[in-house]
Every structure is written in C-alpha cells, then in structure tokens.
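Working notes, structure below.
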Amino acid sequence: MADLTSLKQVTEEILGEEKLSSMLDGGEQLKHYIGFEISGILHLGSGLMTGLVIRELQKLGVDTRIFLADWHTWINNKLGGDHELIKRVALEYFMPAMKVSCEIAGADPEKIAPIFGSELYHNNDRYWQSLVEVSKNLTLSRVMKSTTILGRQESENMNFALLIYPPMQVADIFEMGNHIAHAGMDQRKCHVIALEVAEKLKINPLRDGAGNIMKPIAIHHHLVMGLQKPATAPDESMDKVELTTAMKMSKSVPGSAVFIHDTPEEIQDKIRKAYAPEKETKFNPILDWTQHLLFPIIGEVVIEREERFGGNVTFKSYPELEAAYASGDLFPLDLKNAVAKHLIDILAPARERFSDKDSQELIALVKQATGR
C-alpha cells in the first residue's frame, strides 16, 4: 500500500483514502488541483498550507495544478468585479506568490501547472453542458447551503449569479479530469457535492485508469487560525468545520493574517499583538501556527531566552512544545518571539521575490482594490 503517512500529517482529512492508495499502487498518473479566487494579497494560511500538501503529493508522483478562478472571482465581486484587473493580478501576482509559497513549504514550484478559468471555459460546450448536468442533480436548498464556500452566510440576501458558483466549482473538477480535489476545510461542502453527483454524470464523468467512473478524492487541509481574539468564546460542542472556519485567518480582519511578503517589522508587530493566553492550548493561534506551519516546514522550534528565564531550548515535536506551554514552563512572549523569528527567516524568499518596484506597485494596487 502506498504510504500516505506524510500526506495525512499535513491534512485534516482525505475522503477516498483507500482509492487514492490503490490508484497510487497501480501506478496511475493522478491529477490534482486546488482552485483560488483572486481576492487579494496572499497570506500564510493559503500559501504555506497549500504548499505543504502539494509537497507531499509531488513526493507521491501526483501532477499538481493551481486553478486561477477568475470567473469565480468575478461572480463573487472580488477586486471590484473588474475582470481585466482580476486577470492581471492572477498572472502577475497571485501565481508567482503561490509558487514562492510552495517553494518555501518544500514543494517544487516548477512542477505546478497553472490553469486559467477563462481558458478552460472558452469555446467549451462540454463544460457548460456539464455545469447544467451537475445543477440538474442539485436542489435549490442544497445550493443555498453550499454558498458558505464563498465566505457568505446562507441567510444572506444574494444575487442569482452567486448560486451558479457552487455547481461551477463542481463542474471544474470533472472538466479538468481531477482525480484529487484539494482545498481548505471551508470548501468541504462543494467537494461533498462532487462526490455525491460523480456517479450520476453522463456527459463528463471522472474515470480512473481502467476507464471506470469514479468519485474524486477530496483532500482538505487545516484552516490556520487568525491572530485575533475570537469575537465569542469558542465552544467545543460546535461543528468542527464551522468552528475552524469562524476562527480562520482572514485578509478582511485587521491583524488577523501575516502575508507572505510582510516585512520583519510587520511580522513582529502582528505576532506580538496576537491572542495567546497563558497555558491555553486549544484555541491559541500562536500554537496553531507552530503546529501546522513551523514544525512541518522546519522540523523544530528554537526558543531563545535569557539564562535566568531557563535559557535556550529546542523543541523537536509539537506535542513536546504544547506540553511545556500547558504547564507554564513556556511563556507566551517567549513563544511569540520564536514564532516571529522563524517566520521572518522562512519568508525571506517571498520578500525578495516581491521587493522590486513593479511588484510593490501591483501589491499596492491590489490593496487599494480590496480596501486593505
């Protein structure tokens, strides 16, 4: 059986794990994709978490691809709904930002193929037929429930175009022939729809190497917590997906996110102000980042402190670090300082990639268009 241990360490779940193992064992060339709205500047939760999964899939010999969802961005009215600006940002900023993020995470950026939504849909009758067929297998109620993948509430008054978004995202999977659909946990509802309709499709079903109709394999990575204090106290009885989605890093929440090309001073300031209660391990964003970003990328966390406060210490595993924090042996400020230092170091390639004048002007344009 194919060893999926490393992949499972950087994911929350794999729907279709046995199928993935059997296809890898059979030597099939699998196609992966993860799709993104072009909604603004890139933060660690999207860039690095995506890169970690792509790293492990590449080790397994999977073809890895990033879908630049310009139509979805337009439908969701991101970047002001300006289609030309969306295209420009996708090609000149977002794809380079994703590639450097994946490189930081240990993936090979040259083995990541970009797929542009406009090109996939252009003069493609089969795609639009597939979209209708997917939609015929969905009720209006089901589509309404899945609109949370757009970052919207189901009860929100929305225009009709937004209802097209979920079935389009499902149709994308089948049109690209993606054996593996990858996203954060907040996109799970869409992938579950794809699993449910897969064997009902006649026009453009997904097939394995033997020609058999198959369900896509859905891989979901962790949603990295935002740095801000939760608006309401988290409740462990809450649905896990709803809880993590509510607490995830967000570009729209000031101070919530570190962006891949933030300056050292910006990183230090954001981490210093982050919510990190002493001895609190369950809902602590600094610990969350340590577990899901630092250990998978650099393998250890070094705490630098004066001898009178215990001296330097190196943690080789997250459970070891968490235990020290829970006991009070590791203080929030010491952990924050270490996390900031490690992030500054690992993000150096991204700062260098976007240090030129043209890149800085484009980033400023994106910030202006998003109001951030």
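Every number in this text was worked out from the coordinates using simple rules, so none of it is lab data. Bear in mind that the values here come from a model prediction, so they are computed numbers and not experimental data. No Cβ is skipped: glycine too gets one built from the backbone with ideal geometry, and neighbour counts run over all protein chains shown.
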Seminar exercise, completed: Residue span E307 to L333: 0.36 nm per residue of separation minus Cα-Cα distance leaves a gain in nm of 7.8 nm
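With charges only on Cβ, +1 for K and R and -1 for D and E, what is the dipole size of the chain about its Cα centre, in debye, rounded to 20? It would help to have the intermediate numbers written out before the result.
Details: 41 positive and 52 negative charges, 140 e Å.
It works out to roughly 680 debye.
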Seminar exercise, completed: As straight-line cross-link partners of K111, the qualifying aspartates and glutamates (C-alpha separation under 15 Å, not fewer than 8 residues apart within one chain) are E56, D63, E103
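Using unit Cβ charges (K, R positive; D, E negative) and no other charged atoms, how large, in debye to the nearest 20, is the dipole of the range 5-221 about its Cα centre? Don't skip to the end; give the middle numbers.
Numbers: 22 positive and 27 negative charges, 61 e Å.
Computed about the Cα centre, the dipole is about 300 debye.
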Problem set entry | Built amide H within the under 5 Å cut-off of A257, gap 5+ | L227, S250
Seminar exercise, completed: CD proxy, 222 nm, the chain: helix-only mean residue ellipticity via -39,500 (n - 2.57) per DSSP H run with n ≥ 4, per residue, nearest 500, stands at -13500 deg cm²/dmol
For this session: Could you compute the FRET efficiency for K145 and A2, with r as their C-beta to C-beta distance and R0 at 45 Å, rounded to 0.05?
Result: 0.85
Problem set entry | Nitroxide proxy distance, nm - points 7 Å out along Cα→Cβ at V253 and K282 | 1.8 nm
Problem set entry | Of I193, I298, I217, the one that fluctuates the most in a GNM where the chain has Cα springs shorter than 10 Å | I298
Problem set entry | Of H179, H261, H83, the one that fluctuates the most in a GNM where the chain has Cα springs shorter than 10 Å | H83
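Efficiency by 1/(1 + (r/R0)^6): what FRET value for D208 and E110, r their Cβ-Cβ distance, R0 = 45 Å, to the nearest 0.05?
Values: r = 27 Å, r/R0 = 0.61.
Computed FRET efficiency for D208 and E110 comes out at 0.95.
Could you calculate the contour length gain from A348 to E300, that is, 0.36 nm times the residue separation minus the distance between their Cα atoms, to one decimal place in nm?
Values: separation 48, 0.36 × 48 = 17.28 nm, distance 1.81 nm.
Taking 0.36 nm per residue and subtracting the Cα distance, the gain is 15.5 nm.
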Problem set entry | Sequence-distant residues sharing a close amide H with E13 (under 5 Å, placed H) | H220
Problem set entry | Net length gained if the chain between N157 and T314 were fully extended (0.36 nm per residue, minus Cα distance) | 51.4 nm
Exercise. Using modelled amide H (1.01 Å from N, peptide plane; none on Pro or chain starts), what sits under 5 Å from the amide H of L330, excluding residues fewer than 5 places away?
Worked result: Y325
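Apply 1/(1 + (r/R0)^6) to the Cβ-Cβ distance of E17 and A364, taking R0 = 51 Å, and write down the FRET efficiency to the nearest 0.05. Before the final figure, lay out the partial values.
Numbers: r = 44 Å, r/R0 = 0.86.
Using R0 = 51 Å, I get an efficiency of 0.70.
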Exercise. Once the Cα atoms of helix 125-136 and of the chain are each reduced to a long axis, what angle between those two axes, in degrees from 0 to 90 to the nearest 10, is obtained?
Worked result: 80 degrees
Exercise. Within straight cross-link reach of K282, meaning Cα distance under 26 Å, which lysines are found once same-chain residues fewer than 8 apart are removed?
Worked result: K8, K189, K229, K240, K248, K251, K270, K273, K316, K336, K341
Exercise. Which of R308, R126, R351 moves most in a GNM of the chain, Cα contacts under 10 Å?
Worked result: R308
